[in-house]
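> Next up is a structure, given as structure tokens.
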Amino acid sequence: MMTRSQQGRTNRLTRPSIAVAAAVAVTAGVVAAAPDAKTAAVAGPKLSLIAASTSVTLDSWKEEPGVYLDLGTYLTSEKGAFEFKVTRKSYKDPVVASQIIRSGKKTTTKALPAGLVKDFTGLPDFMEVSVVDAAGKPVLKKTENFCPNNASGRVRPDAPANSKYPQSCPVNPFTLGSVWGVENGWAANTYAGYYSAPVQLAAGTYTAKVSVTKKYRGLFGIANKPQSVKVTVRERSWEGQEGGSGGAAAKVASSSPHAGHAGHQAAADPAPSGHAGHGAPARTDAPAAATTGAGATFNVGHGPYPPAPPALPWALKKQAGKGAFGAQGFSAARVGDRAGQTDGSRQAPGAQPNAKRPTGKAAVPNVPKPDLRSLPAYGITVSDGYEDVPGKDYLAFSANVWNAGPAKLVVDGFRSPGKELMDAYQYFYDAKGKQVGYTPTGTMEWDPRPGHEHWHFTDFASYRLLKADKKETVRSGKEAFCLANTDAVDYTVKNANWHPGNTDLSTACGQENSISVREVLDIGSGDTYTQDLPGQSFDITDLPNGTYYIQVLANPENRLKETNHKNNSALRKVVLGGKKGARTVKVPAHHLVNAN
């Protein structure tokens with residue numbers, strides 16, 4: 001349930017988190033079509049487009065028109081992984097993508113054409129989808145981007161049990177580096193999920209043809225073998241679904257990514273949670289039928305970021321149908337993680353603190369340490385104080401502090417009986433992961449406000465609004481943070497962890513009665529907070545119009561030990577205008593990044 005301060009704010013930014021792609025084990029073998037003569041000579045893995053079934057049923061909801069066109073098509077990779085390294089040197093430089101081809105001990109790097117990949121969300125215009133109605137009349141033709149990290153499971157039983165690649169393609173506009181890949185013997189869903197807008201199709205029957213676009217067929221040696229899928233679109237209404245629209249919406253909200261971190265916790269634990277402030281729903285998912293791909297995914301879709309493909313694509317939910325793979329069909333799609341299956345339903349485990357607070361002499365050994373860096377602010381908007389603080393104008397934004405490594409940041413908090421604050425300690429580890437030192441590093445405090453209700457590590461970052469001369473004029477009230485790995489900022493840095501834990505606030509930051517808590521910022525990942533509550537954003541009510549800079553400052557008091565304290569500040573230029581009660585903000589591009 002949203003608080004009063006959250007109601008009416010569906011257009012405001014909420015805390016994003018790392019997108020987790022769908023995955024289910026596929027036990028049937030796949031016989032892929034052989035490439036034609038033109039593509040046979042292309043170096044790299046053998047790639048094939050397959051369809052999980054020959055027919056799908058998709059829902060169009062009256063309350064939210066549109067159909068999410070998950071057709072159950074997948075790209076398989078055999079004889080090696082389909083791998084990419086995607087980077088940019090700075091925000092002044094374009095994104096550069098290279099295919100990494102591994103053959104035994106030999107590794108070859110193949111640069112993709114300049115300008116082909118413009119961001120980190122995947123290969124643009126990779127798929128082409130055309131749809132005709134029952135009479136054969138064309139009704140839709142579109143292209144879709146493809147994220148290779150949308151791993152959906154193995155296509156043969158001797159494939160690696162787990163994919164080594166990250167579970168999504170990052171969408172943070174200030175991402176610096178990413179790794180994409182379809183594991184050897186695995187399949188990746190080609191559906192772009194809610195990254196792609198729903199299409200308008202009336203109830204009825206259709207035929208969809210799905211193919212890899214010509215430029216990618218030639219680039220990667222993919223055979224021109226389009227897949228045909230029969231589509232039935234049925235119109236439904238939330239009314240009457242599982243006890244009426246209110247009950248259905250409530251049930252969906254409890255497990256929907258749009259319900260934020262609190263919603264995911266509710267799916268496994270009925271105890272109330274206060275994390276909805278970071279993940280207030282931008283939209284509510286329609287109640288999804290058991291066979292549709294329009295359902296919710298895990299911990300995705302906060303704020304402006306849409307979720308990745310559904311947790312269990314409809315085609316993989318079929319129990320043992322005679323689909324594209326013959327009579328063997330698929331194994332039963334059981335919810336939960338196990339060998340070869342990551343279905344998106346799991347709850348990220350909270351890292352366990354040491355059993356007792358450290359004893360002995362504190363020491364900061366000469367071992368690798370984290371490197372905290374700030375990203376420029378983004379998602380910048382202005383708003384009034386709503387009914388909570390009438391007559392006020394606020395400047396809200398998203399900010400991210402990330403860890404460039406080469407060591408992860410580990411902070412434990414320990415509570416003395418009866419005290420309100422926890423004592424915080426930073427830990428240090430040698431190359432083998434053994435704890436070799438610690439140092440006191442401030443405190444953790446319990447934040448009881450709706451939208452928080454977890455333990456915050458104090459003085460992790462500071463937000464300041466600077467005047468045109470870059471002198472401070474306003475400081476945000478936000479100083480304390482629950483650390484969680486919400487964004488993959490650069491997975492190409494040394495020791496980057498492509499599968500970090502602590503990705504979920506509801507498990508990472510403890511409960512009110514916790515005696516101890518561990519908060520971790522892993523290598524390559526960042527922690528995004530939005531200034532979505534009055535008192536945390538900048539109060540600009542009485543500020544004159546003009547040019548300002550939003551400063552995101554990591555480790556402002558230098559309490560945390562890190563390798564470099566000189567890269568902790570990032571500035572973002574903004575121009576305030578308008579008048580009281582109707583303030584405006586213009587956000588110039590930050591070098592090549594044109595995201596407000």
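The values are calculated or read from the model by the stated rules, or taken from the named source; none is laboratory data. Remember, it's a predicted structure, so these values are computed and weren't measured experimentally. FYI the Cβ positions are ideal-geometry reconstructions off the backbone, even for glycines, and counts take in every protein chain you see. Quick note on the areas: whole protein, heavy atoms, side chains included, nothing else; ligands and nucleic acids left out. Shrake-Rupley method; radii C 1.70, N 1.55, O 1.52, S 1.80 Å.
> If I model a spin label as a point 7 Å beyond the Cα along the Cα-Cβ vector, how far apart are those points for Lys419 and Glu239 in nm?
Between Lys419 and Glu239, the simple spin-label model gives 5.9 nm.
> For Leu58, list long-range residues whose amide hydrogen, built 1.01 Å from N in the peptide plane, is under 5 Å from its own amide hydrogen.
Thr232, Val233, Arg234
> Oh, and also: Report Ser53's accessible area, 1.4 Å probe, all protein chains in place, as a number in Å² to the nearest 10.
Result for Ser53: roughly 10 Å² accessible.
> Okay, next question. Calculate the tail of P(r) for region 505-596: the fraction of all Cα-Cα distances greater than 20 Å, expressed in %.
57 percent
> Mind ranking Val231, Val587 by accessible surface for me, highest first, 1.4 Å probe?
Ranked from most to least accessible, the order is Val587, Val231.
> First compute the accessible area of region 453-492 with a 1.4 Å probe, then give the percent of it belonging to carbon and sulfur atoms.
That fraction is 38 percent.
> With all protein chains present, calculate the accessible area of Trp446 using a 1.4 Å probe and round the result to the nearest 10 Å².
Counting only protein heavy atoms, the figure is 50 Å².
> Given a 1.4 Å probe and the protein chains all in place, what does the accessible area of His590 round to, in Å² to the nearest 10?
We get 40 Å² for His590.
> Hey, another quick one. Using a basic spin-label model with each label point 7 Å from the Cα along Cα→Cβ, how many nm lie between Asn513 and Ala468?
Modelled inter-label distance: 5.7 nm.
> Could you work out how far apart the two model spin labels at Val132 and Lys580 are, taking each label as a point 7 Å from the Cα in the direction of the beta carbon, and quote it in nm?
6.6 nm
> If you don't mind, there's one more thing I want to ask. What's the FRET efficiency of Ala355 with Val389 using the Cβ-Cβ distance as r and R₀ = 45 Å, to the nearest 0.05?
0.55
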